[in-house]
Amino acid sequence: MMLHLIKRLGLPGVLGLVLLAGAAWVQGVWLPEQKTQAEALASKARQLRHELLAKASPGAASQARALTPEAAWQALWQQLPDSSQRTALQSAVLVSARERGLTLAAVQFKGGPEGPPGLWRQRLVMPVDGRYADVRAWLGQLLSEPALSLDAVDLQRTDVMGDAIKARVSVSLWWRTTGGPR
């Protein structure tokens, strides 16, 4: 009976049944095992991350949780540069681009008070030409500056095979002016 069924199905039918059985085994047995292993590894990674953070700064995690929003704002406020450093902050952004070999055609500046009294936001919109790796390294360097936020990045590549790009980068510099929170 079985031999008759195999003859009737032929080689394509038998291969189809074998593949179907294999797919059912993968779906019913192998995938659930893989999911369980992945969840166990993710749990272990979270536990290790937690332990490393606790060892790196024993009181930092509990201090961060203990901060009220007002205390967190005060801590952030104290870390912002004051308005006397605004020119140095702006020129540091432009100089760092030139050091990376990037070409800045023009820079648009727009600034004004933002949010609570004493907080100033200076927006810089810069069209940049250069290699992708240089633009990426420059953006990484900018993001390490605590008083700077990246607002937008628009990348365009005219030659698909080349690494030269045109980018439009928008950043904000933040500083304290007189009359802010104490």
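The accessible surface of the chain, taken with every protein chain in place and a 1.4 Å probe, is 61 percent carbon and sulfur. The simple spin-label model puts a point 7 Å past each Cα toward its Cβ; for GLU114 and LEU53 those points are separated by 2.6 nm. Cα gyration tensor of the chain, axes a ≥ b ≥ c as square roots of the eigenvalues: rounded (a/c below 1.5), prolate (a/b > b/c) or oblate? Verdict is oblate for the chain.
Taken per residue, the accessible surface of the chain reaches 71 Å², heavy atoms only and a 1.4 Å probe. Net length available on complete extension from SER91 to ARG123 is 10.2 nm, with 0.36 nm assigned per residue and the Cα-Cα distance removed.
Given R0 = 45 Å, the distance between the Cβ atoms of ALA72 and LEU20 translates into a calculated FRET efficiency of 0.20. When a/c reaches 1.5 or more, the comparison of a/b and b/c decides; with that in mind, is region 94-174 rounded, prolate or oblate per its Cα gyration tensor? Taking the square roots of the gyration eigenvalues as a ≥ b ≥ c, region 94-174 is prolate.
Using the charge dipole of the chain (Lys, Arg: +1 at Cβ; Asp, Glu: -1 at Cβ; taken about the Cα centre), state which of TRP25, THR178, LEU143 has its Cα farthest towards the positive end. Selected residue: TRP25.
Dipole magnitude for the chain: computed about the Cα centre from +1 point charges on Lys and Arg Cβ and -1 point charges on Asp and Glu Cβ, it is near 280 debye.
The values are calculated or read from the model by the stated rules, or taken from the named source; none is laboratory data. Computed from a predicted model, the values in this text were never measured in an experiment. Reconstructed Cβ throughout: ideal geometry from the backbone, glycine too, with neighbour counts over all protein chains shown. Each accessible area value is taken on the protein alone, full model and side chains, heavy atoms only, with ligands, DNA and RNA left out. Shrake-Rupley method; radii C 1.70, N 1.55, O 1.52, S 1.80 Å.
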